[in-house]
1. Filter the stretch 110-142 for residues that are of a type outside the set (A, V, I, L, M, F, W, C), modelled with pLDDT of 95 or more and part of a loop (DSSP other than H, G, I, E, B) and give the result.
2. Report the residue count in the stretch 23-55 for those that are part of a helix (DSSP H, G or I), within 19 Å of the chain's Cα centre (by Cα) and in contact (Cβ under 8 Å) with a residue 12 or more places away in the chain.
3. Among the residues of the stretch 118-148, how many are touching a residue at least 40 places away in the same chain (Cβ under 8 Å) and within 15 Å of LEU23 (Cα to Cα)?
4. Taking the stretch 96-111, which residues are crowded, with 19+ Cβ neighbours inside 10 Å and either of a type in the set (Val, Ile, Thr) or without any contact (Cβ under 8 Å) to a residue 24 or more places away in the chain (or both)?
5. Kindly indicate which of ALA35, ALA89 is farther than 19 Å from ASN153 by Cβ, touching a helix residue (DSSP H, G or I) at 6+ places or on another chain (Cβ under 8 Å) and of a type in the set (A, V, I, L, M).
6. Condition first: of a type in the set (S, T, N, Q), surrounded by 18 or more Cβ atoms within 10 Å (Cβ to Cβ), assigned to a helix (DSSP H, G or I) and modelled with pLDDT under 95. Can you find one or more residues in the stretch 11-22 that meet it?
7. Would you mention how many residues in the stretch 44-90 are touching a Leu at 6+ places or on another chain (Cβ under 7 Å), surrounded by fewer than 16 Cβ atoms within 10 Å (Cβ to Cβ), under 29 Å from LEU136 (Cα atoms) and aliphatic (A, V, I, L, M)?
Amino acid sequence: MAKQNQAQLAYEKIREKLISRTLEPGKRLIERVWAENLNVNRADVRQAFSRLLGEGLLVAGEKGGFFVKEFTLVEMKDLNEIRLVLEQAAAKFAIERATKNDIAELEKICEHLRIMSENGYLMGIGEADLKFHERLIKAAHNNKLEFIYKAANLPLSKNITSDVNRDKLISDVKDHIVIVDALKSKNLPKMLKLLSSGLDLMEK
């Protein structure tokens, strides 16, 4: 694997964990451990950490090291408002442009979410939830919107490492399924309402 590819791999894998909020806030990320887990060089991990620091997903410790950023309620509110604007814009385009493949992929993610939630696989839920939102954006078939969404680095509203009610998880998965059903039936008002109600703007 080329060095540039290794560095990009490290960045994307660590970013996914941060965006899906499957890493505990305030947790120190150990360069050696990540290098071993991802099978890349420590220099590649160091480069990834530096990029993620610049993007506001990591913070530097007073005595060195990189730590998972702890978002305040105000910060999460701001991030969730931006997410809602972008996802509702995507919904308007997706209603007209989503292909059978887009819908099939969203349904596949929903099924994965269902299995993860019923079995209590929290890490899998966070990562699948992230994929759902990214796939919804992709279904809009607007390259600039997709670019803006990714560049915005919008963490999920829920920290999956916290105590999570299993019944609530299953309920959230059902909401994802209903969103896809609304997309299939081209019911834009319902889709917009679901996206809005599913995003508690004050939830950390």
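1. Result: HIS141, ASN142.
2. Final tally of qualifying residues: 5.
3. Residues that pass the stated criteria total 7.
4. Of everything in the stretch 96-111, just one residue is crowded, with 19+ Cβ neighbours inside 10 Å and either of a type in the set (Val, Ile, Thr) or without any contact (Cβ under 8 Å) to a residue 24 or more places away in the chain (or both), namely ILE109.
5. Going through ALA35, ALA89 in turn, the sole match is ALA35.
6. No, there is no match, as no residue in the stretch 11-22 is of a type in the set (S, T, N, Q), surrounded by 18 or more Cβ atoms within 10 Å (Cβ to Cβ), assigned to a helix (DSSP H, G or I) and modelled with pLDDT under 95.
7. Counting residues in the stretch 44-90 that are touching a Leu at 6+ places or on another chain (Cβ under 7 Å), surrounded by fewer than 16 Cβ atoms within 10 Å (Cβ to Cβ), under 29 Å from LEU136 (Cα atoms) and aliphatic (A, V, I, L, M) gives 1.
Here's the yes/no breakdown for (1) hydrophobic (A, V, I, L, M, F, W, C); (2) modelled with pLDDT of 95 or more:
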| position | (1), (2) |
| --- | --- |
| VAL59 | yes, yes |
| GLY64 | no, no |
| PHE67 | yes, yes |
| LEU86 | yes, yes |
| PHE93 | yes, yes |
| THR99 | no, yes |
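The values are calculated or read from the model by the stated rules, or taken from the named source; none is laboratory data. What you see is a predicted model; the values in this text were computed from it and never measured. Glycine also receives a Cβ, built like all others from the backbone with ideal geometry; neighbour counts cover every protein chain displayed.
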